[in-house]
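J.: Here it is, the structure in full.
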Amino acid sequence: MSTGPGADSAPAPTPDDHEEEENSKGGTFSSLRIRNYRLFAGGQVVSNTGTWMQRIAQDWLVLSLTGSATAVGITTALQFLPMLLFGLYGGVLADRLPKRKLLLATQAAMGLIGLALAALTLSGAVTVWHVYLMAFLLGLATVVDNPARQVFVAELVGKEQMQNAVSLNAANFQTARLLGPAVAGVLITAVGSGWAFLLNGLSFLAPITGLLLMRSAELHRVERAPRGKGQLREGLAYVAGRPELLWPIVLVGFIGTFGYNFPIWLTAYVDEVFHGDAGTYGLLNSLMAAGSLGGALFAARRGVSRLRLTVIAALAFGVLEIVVALSPAFWLFAALLVPVGAFGLLFNTTANANVQLATDEAMRGRVMSLFVMVFVGGTPIGGPIVGWTTDTFGARTGFLTCGVISAVAAITVGLVLARVGGLRLRIDLRRGRKHVTFVPARRAAELAPAA
């Protein structure tokens, strides 16, 4: 991105001017030119790797203790239930308080939870109720951590680099998702789940160190919301009055509630359909993460994206889930997880960036807490439903249902956004033309006789 038409004529550029100009240039990894963001990203890739190790070990531990996909669903639901119940309060705190201090507190709390679960597991005292409790406590910490981490990006890189930084955050997360399950599979098979929990707890030292080393003077100033009554209602009313925020968040809610319940149906496929072990489970998660990493890097390189790409990615994600659910062979099932991961991540990243860029600074914490709340907070609703469907009707039916719901939601929201934007679907089957396009309603009426 350019620094503006008047940048070249500015008198006596300072070193800060040159740094800002350099940071504003495009490129897949342009945000990494910024020191504070490098520290943030480096710490996050370490802790995210540990988090994915814990997720895989946690799912497999619960399955080993109970033999039930429903129990895995309950664990997932408990981890995300606090976001559903208290998510908007986390957004209020993120709008009011210094983000770096909030993140230091939440990252420390999440590390201690990992160490506690490690102690229980390595001592042999762990029960499924312990896992349920730790999952719920981790969810409580995430209520504040997630919106604070989302909006802290604006302070690290500024508005011009936000799209790139959001995409790189997703790539960071997916790199960890690629490494974490593979390492967890080896650890679970070799020495047990407890060591994965221990390494996760220790991994939070990296982001804490990165946050402490940041230069406060290089953070971008962001308007903070003052204390006041009715801030939750204010945030909801703000979103309700803006279709460009409301409908992407609705779509995120449907896909987060049903389409993203990977731990439930993936453990069921490994156990019931393909008769694999923890290593197989880790392999499938890694393949999906590889696709997700590709989707995130594509979004980072693309730069600014439109809502149209978000809807298309959501539809492709749902259709691919349907195809994967019906795949008869393991190799085909595994291979198709790569594009599932790519389109799922492309959808989430573009939706996240579009919503943040369309939101006023003082409202961003509350809007992003709502975004995260409907995305992960729907899991307490969808998790047990998908788990019950999987246990009752089989893994294929459970997964197929998730894909159908995601595809229908994408089509519905796409049509609503088109109507709100004054667009109509135009189908032109003539050779050399775009067969399916959205055009302004007036133009569609003019072209209708020619079609």
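J.: Are there helices (runs of 4 or more DSSP H) fully within the stretch 319-417 with at least 3 residues that are of a type in the set (Phe, Trp, Tyr)? List them. First the steps, then the outcome.
T.: On the way: elements: 330-357, 364-376, 379-393.
The helices (runs of 4 or more DSSP H) meeting that bar are 330-357.
J.: Also: Name the single residue that is farthest from the chain's Cα centre (by Cα) among those in the stretch 323-360 being surrounded by fewer than 17 Cβ atoms within 10 Å (Cβ to Cβ) and of a type outside the set (Gly, Ala, Ser).
T.: Step one: list which residues in the stretch 323-360 are surrounded by fewer than 17 Cβ atoms within 10 Å (Cβ to Cβ), which gives 323, 326, 328-332, 335, 357-358, 360.
Applying the additional criterion that residues be of a type outside the set (Gly, Ala, Ser) yields 323, 326, 328, 330-332, 357, 360.
On the way: Val323: 23, Leu326: 26, Pro328: 29, Phe330: 27, Trp331: 27, Leu332: 26, Leu357: 17, Asp360: 21 Å.
Among them, the one singled out is Pro328.
J.: Answer yes or no: is there a residue in the stretch 81-90 that is within 21 Å of Ala289 (Cα to Cα), buried (at least 21 other Cβ atoms within 10 Å of the Cβ), of a type outside the set (Phe, Trp, Tyr) and within 19 Å of the chain's Cα centre (by Cα). Reasoning before the result, please.
T.: Residues of the stretch 81-90 within 21 Å of Ala289 (Cα to Cα): none.
No, the conditions are met nowhere in the stretch 81-90.
J.: Tell me which residues, restricted to the stretch 46-68, are over 19 Å from the mean Cα position of the chain (by Cα), more than 15 Å from Leu284 (Cβ to Cβ) and in a helix (DSSP H, G or I).
T.: Ala57, Gln58, Leu61, Val62, Ser64, Leu65, Thr66
J.: Being of a type in the set (Val, Ile, Thr) and either touching a Cys at 6+ places or on another chain (Cβ under 7 Å) or within 20 Å of Asp145 (Cα to Cα) (or both) is true for just one of Val367, Val324, Val340. Which residue is that?
T.: Working: Val324 fails: either touching a Cys at 6+ places or on another chain (Cβ under 7 Å) or within 20 Å of Asp145 (Cα to Cα) (or both); Val340 fails: either touching a Cys at 6+ places or on another chain (Cβ under 7 Å) or within 20 Å of Asp145 (Cα to Cα) (or both).
Answer to the selection: Val367.
J.: Only one of (1) surrounded by fewer than 16 Cβ atoms within 10 Å (Cβ to Cβ); (2) over 20 Å from Gly43 (Cα atoms); (3) modelled with pLDDT of 85 or more is not met by Arg227, so which one is it?
T.: Going through the list (1) surrounded by fewer than 16 Cβ atoms within 10 Å (Cβ to Cβ); (2) over 20 Å from Gly43 (Cα atoms); (3) modelled with pLDDT of 85 or more, Arg227 breaks only (3).
J.: Identify all residues within the stretch 253-277 that are over 16 Å from Thr75 (Cβ atoms), in contact (Cβ under 8 Å) with a residue 40 or more places away in the chain and assigned to a helix (DSSP H, G or I); write none if there are none.
T.: Keep residues of the stretch 253-277 that are over 16 Å from Thr75 (Cβ atoms), which gives 253-259, 269-270, 272-277.
Next, from what is left, pick out any that are in contact (Cβ under 8 Å) with a residue 40 or more places away in the chain: 253-259, 269, 272-274, 277.
Scanning the stretch 253-277 gives Gly253, Phe254, Ile255, Gly256, Thr257, Phe258, Gly259, Tyr269, Glu272, Val273.
The values are calculated or read from the model by the stated rules, or taken from the named source; none is laboratory data. What you see is a predicted model; the values in this text were computed from it and never measured. Cβ sites come from the backbone with ideal geometry, for glycine too, and all protein chains shown count toward neighbours.
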